[in-house]
1. Which ones in the stretch 111-125 are crowded, with 21+ Cβ neighbours inside 10 Å and in a loop (DSSP other than H, G, I, E, B)?
2. So, of the residues in the stretch 219-244 that are crowded, with 19+ Cβ neighbours inside 10 Å and of a type in the set (A, V, I, L, M, F, W, C), which turns out to be nearest to the chain's Cα centre (by Cα)?
3. Of the residues in the stretch 87-110, how many are open to solvent by 10 Å² or more (accessible area, probe 1.4 Å) and either closer than 18 Å to K167 by Cβ or of a type in the set (S, T, N, Q) (or both)?
4. Taking the stretch 176-188, which residues are surrounded by 22 or more Cβ atoms within 10 Å (Cβ to Cβ), within 12 Å of ligand 1 (Cβ to nearest atom) and not polar (S, T, N, Q)?
5. Taking only the stretch 66-96 into account, find how many residues are within 13 Å of ligand 2 (Cβ to nearest atom), assigned to a loop (DSSP other than H, G, I, E, B) and either touching a helix residue (DSSP H, G or I) at 6+ places or on another chain (Cβ under 8 Å) or within 21 Å of S284 (Cβ to Cβ) (or both).
6. Pick from K118, K167: which is among the basic types (K, R) and within 24 Å of the chain's Cα centre (by Cα)?
7. Take R147 and decide whether it is charged (D, E, K, R), under 21 Å from the mean Cα position of the chain (by Cα) and either assigned to a helix (DSSP H, G or I) or closer than 27 Å to T299 by Cβ (or both).
8. Could we say that K167 is among the charged types (D, E, K, R), open to solvent by less than 50 Å² (accessible area, probe 1.4 Å) and closer than 23 Å to A294 by Cβ here?
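The values are calculated or read from the model by the stated rules, or taken from the named source; none is laboratory data. Just so it is clear, the model here is predicted, and its values are computed rather than measured. As a convention, Cβ positions derive from the backbone with ideal geometry for all residues, glycine included, and neighbour counts pool all protein chains shown. Keep in mind that these areas ignore ligands, DNA and RNA; they rest on the heavy atoms of the full protein, side chains included. Shrake-Rupley method; radii C 1.70, N 1.55, O 1.52, S 1.80 Å.
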Amino acid sequence: MIIICDKCQTKFQLDVSSIGKTLFKVRCSKCKHIFSVDISPKEEVYELTRHNEAPIRRIIAICNQKGGVAKTSTCLNLGASLSLAGKRVLLIDFDVQANLSMILGQTNQPSFYEVMQKEIEILKTIKNVRPNLWLLPSNAKMSLLARQCLQQKDFGLFLRNTLEPVKQHFDTIIIDTPPSIKFFTPNALMAADFVIIPTQGEFLSMNGVLQTENIIKVLAKSHTLDYRVLLTMYDERNTAAKMVFSKLKDKYKGKIFSTVINLDFKLQESQIINEPIIYYDEKSISAIQYKALAKELETI
Ligand SMILES: Nc1ncnc2c1ncn2[C@@H]1O[C@H](COP(=O)(O)OP(=O)(O)OP(=O)(O)O)[C@@H](O)[C@H]1O
Ligand SMILES: [Mg+2]
């Protein structure tokens, strides 16, 4: 074994096999310096690399056949809250009304329709609308889709297949759907693995939840599809709303978000100036609640 004097750096050959110790002292025959030699086997140190947890990729459809229950508002504001928490979020406006595109100031842009016509690649239609937040817009031509595609084979899988090369770029994809069950909603449900069913605290709205739940149950036989009901536009001063809320909690035990979105006029103002509520007034009740919803979603 080669030993080097740590004072004069002279090299010596030493037969350590007869010493019988792993730690001993030696004297340099050149400079007379005495120093320790440690020949104990070194513990191997393995380099730890940070475990990068693969983000939970989720495709969420926001559905309820009933109109005006805050599907679009939830898509926008939940998406914005997730993006603020660092997730890369794609919102898909899958509604001919194109309300989501309008709120985000993206009207008359190429949509899923042009992608289906092979006029444009899907990635080129996707617009970055805020930090970490993207939008696949809708436009009036989307109304042609239902008629053109219903005759085609596997028309229910069009969105799912189209999203295949896009999925990898985002942590969460949220699809806004129209208040109907034709073409758009089944396509969104076939592409999704999770459904949020927003509902108002009104008696007749409960019927919309039930119908949506029934469709989900049928589709869940062919692919993974979980769901939660979300109470929106809740007004605590309204006794009927309180009664409906209590009924919903009973009926959808374990399937209803504990976060509730209150009726908040700040949210309506935010849409007029084309902003998600968290950018318009982060201290407003609905901004706080949509952020809480984003957190609750992470626990499911
Ligand atoms: N928390 C809230 N507080 C007050 N107003 C709200 C709230 N959420 C939504 N709204 C308002 O309610 C109306 C309907 O909301 P939204 O467009 O999101 O519903 P929708 O379910 O997407 O409707 P549609 O079925 O027509 O697509 C809008 O004017 C919106 O600004
Ligand atoms: Mg809508």
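1. The answer is S111, and nothing else.
2. Checked the stretch 219-244; the qualifying residue nearest to the chain's Cα centre (by Cα) is L225.
3. Final tally of qualifying residues: 8.
4. Passing the criteria: D176, P178, F184.
5. First, the residues of the stretch 66-96 that are within 13 Å of ligand 2 (Cβ to nearest atom): 66-77, 91-96.
Narrowing the set further to residues that are assigned to a loop (DSSP other than H, G, I, E, B) leaves 66-70, 94-96.
From what's left, either touching a helix residue (DSSP H, G or I) at 6+ places or on another chain (Cβ under 8 Å) or within 21 Å of S284 (Cβ to Cβ) (or both): 66, 68-70, 94-96.
Matching residues across the stretch 66-96 total 7.
6. K167
7. Details: charged (D, E, K, R): yes; under 21 Å from the mean Cα position of the chain (by Cα): no; either assigned to a helix (DSSP H, G or I) or closer than 27 Å to T299 by Cβ (or both): yes.
Spelling it out, it is not the case that R147 is charged (D, E, K, R), under 21 Å from the mean Cα position of the chain (by Cα) and either assigned to a helix (DSSP H, G or I) or closer than 27 Å to T299 by Cβ (or both).
8. Numbers: among the charged types (D, E, K, R): yes; open to solvent by less than 50 Å² (accessible area, probe 1.4 Å): no; closer than 23 Å to A294 by Cβ: yes.
For K167, the condition - among the charged types (D, E, K, R), open to solvent by less than 50 Å² (accessible area, probe 1.4 Å) and closer than 23 Å to A294 by Cβ - is not met.
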